Amino acid sequence: MKIGLIGYGKMGKAIERIALERGHIIAYKVDSKTTIDQVDLNQADVAIEFTQPGLAIKHIEACMEQRTPVVVGTTGWQDHLPYVATLVTEKTGSLLHASNFSIGVNILFNINEKLATLMNAHPEYKAQIEEIHHIQKLDAPSGTAVSLAQGIIQNNHNYTSWKSETGSWPEYADHELPIQALREPDVPGTHTISYSSKIDTLTLSHEAHSRDGFALGSVIAAEFLHRKKGVYTMRDVLAF
């Protein structure tokens with residue numbers, strides 16, 4: 001395929017390398033020097049967008065206007081998902097979004113939901129989530145942590161909402177799921193879900209060793225999206 005890169009930072013460069021390794025062609029690169037308005041988006045079969053929360057909606061709109069399928073890896077814009085889904089339908093477009101494209105993390109999402117269901121009958125175990133990312137990451141908590149929290153809330157009646165604090169654990173009520181968001185130099189990302197009682201602690205954790213897992217997942221997502229219409233997530237890609 002011909003793949004367009006919207007965003008050419010560290011993640012964009014990792015995606016480029018893996019896409020070339022898988023036999024694809026890079027059609028264009030949108031970055032700080034070459035804006036999306038200066039590019040013919042239709043030169044690509046699929047675009048992959050990894051930029052900033054404040055830019056994602058503009059980039060999605062541009063792709064829909066030019067009927068360019070787009071894989072969106074940016075997080076922090078999902079409050080606008082109903083608008084985006086309507087736009088994709090109106091433009092007969094194609095969009096695949098995820099809070100995390102790592103295959104391992106998406107397996108964690110699945111296990112997290114199953115564990116949350118099992119823990120319904122054991123309210124003495126208190127759940128919490130910790131996430132660690134590099135200091136350049138703008139959204140906190142991470143989209144992945146929010147997805148994990150939603151997976152627990154939707155499958156465990158002991159929790160109705162989540163509450164987050166950057167750098168420390170928040171004060172929270174019994175029905176609130178606490179999330180601690182830490183920002184440290186030069187770390188790819190770690191997410192940990194734990195259930196603790198007076199007797200013991202049960203822990204699920206995913207630690208990224210590099211950006212390659214996210215980059216590979218986004219290229220696999222682009223391969224999946226090619227020639228499809230509608231809105232998809234990594235659940236569709238992995239058939240969970």
Return the whole-Å distance between the Cα centroid of the stretch 150-217 and the Cα centroid of the stretch 103-133. 8
Pick out, in residue order, every one of the GluC sites (Glu not before Pro) in the stretch 37-81 that is DSSP loop and has at most 13 other C-beta atoms within 10 Å; say none if there are none. none
For the stretch 100-221, fraction of C-alpha pairs farther apart than 23 Å, in %: 28
List, largest first, the extents of the alpha carbons of the stretch 54-109 along their principal axes, each in whole Å. 34, 20, 17
Against the rule of thumb 2.2 N^0.38 Å, how large the Cα Rg of the stretch 162-240 comes out: 1.50
At q = 0.18 Å⁻¹, what is the base-10 log of I(q)/I(0) for the chain according to the Debye formula with one equal point scatterer per Cα and no solvent? Please give it to two decimals. -1.33
First select every other residue whose beta carbon is under 14 angstrom from the beta carbon of PHE109; then total the charges, Lys and Arg +1, Asp and Glu -1. -1
With bins 10 Å wide starting at 0, give me the P(r) of the stretch 139-182 over every alpha carbon pair, in whole percents. 32, 55, 13
Of the residues ALA44, ALA181, ALA121, which exhibits the maximal mean-square fluctuation in a Gaussian network model of the chain defined by a 10 Å Cα contact cut-off? ALA121
Folded to 0 to 90 degrees: helix 103-118 orientation relative to the chain principal axis, Cα: 30
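Please pull out the direction-averaged projected area of the stretch 100-140, using the convex hull of its alpha-carbon atoms, in nm² to one decimal place.
3.9
What order do LEU118, LEU108 take when sorted by accessible area (1.4 Å probe), most exposed first?
From most exposed to least exposed: LEU118, LEU108.
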Can you give the local net charge around MET11? Use residues other than it whose beta-carbon is closer than 13 angstrom to its beta-carbon, Lys and Arg +1, Asp and Glu -1. +2
Spin-label proximity, LEU204 to the stretch 221-236 - amide N less than 17 Å from point 7 Å beyond Cα toward beta carbon: 234-236
Just TYR159, TYR28, TYR83 to compare: in a GNM of the chain, with alpha carbon springs under 10 Å, which one fluctuates most? TYR83
Lysine pairs in the chain with Cα distance under 12 Å, only those 8 or more apart or on different chains: how many are there? 4
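The values are calculated or read from the model by the stated rules, or taken from the named source; none is laboratory data. Source: prediction; values computed, not measured. Cβ atoms come from the backbone with ideal geometry, glycine included; neighbour counts cover every protein chain shown. Each accessible area value is taken on the protein alone, full model and side chains, heavy atoms only, with ligands, DNA and RNA left out. Shrake-Rupley method; radii C 1.70, N 1.55, O 1.52, S 1.80 Å.
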